[in-house]
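Below is one structure, written out as structure tokens; the observations come after it.
What follows is calculated from the coordinates using simple rules that are stated; it is not laboratory data. All figures in this text were calculated on a predicted structure; none of them were measured in a lab.
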Amino acid sequence: AGATAAAGAACVVAGPMVQSAMVGANLGAVSAVAAAEAGPFTVHFWAPMSKWMISGASFMDLNRPTDQISLAQYTALTFTGLFFSRYALLVAPINYTLCSVNVALFGSSAWHLGRKVKADFIDDAEKPDIL
């Protein structure tokens, strides 16, 4: 744990120097990304990048059986994706990375939610009750 904390602290201390070196090196797109207000030297970049793991897991399970899908969980994920897609375009700096991950989260979660609602409420309603 101590080594991890030391490495994290070193990254925080060295970050501005590395960013200045990358921007000053005139590396074209790499320098432009390093200088961006929502670039890799800010939290605005890393928070959405870690959120891609949630969206990725949702995409990997697109064919998950509907009995294993939580209605509450996917309702929350769908609305999170919807609301934060809009929020990402309202904050300063505008965070396109956050917007893209939330559009993906909305799409994949809405897919699961739609399948769950169809299986539990629409398909079940069409089946006749046999006594």
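Some points to look at:
- The slack in the chain from Phe121 to Met17, taken as 0.36 nm per residue of separation less the alpha-carbon distance, amounts to 31.7 nm.
- Solution diffusion estimate, µm²/s, Stokes-Einstein, the chain, Kirkwood Rh from C-alpha pairs, 20 °C, viscosity 1.002 mPa s: 121
- Ellipsoid semi-axes in whole angstrom, largest first, where each is sqrt(5λ) of the Cα gyration tensor of segment 81-129: 35, 8, 4
- Counting every C-alpha pair in segment 16-79, the share spaced more than 14 angstrom apart comes to 69%.
- Relative contact order (percent, whole number), segment 1-86, Cα cutoff 8 Å, 6+ residue spacing: 12
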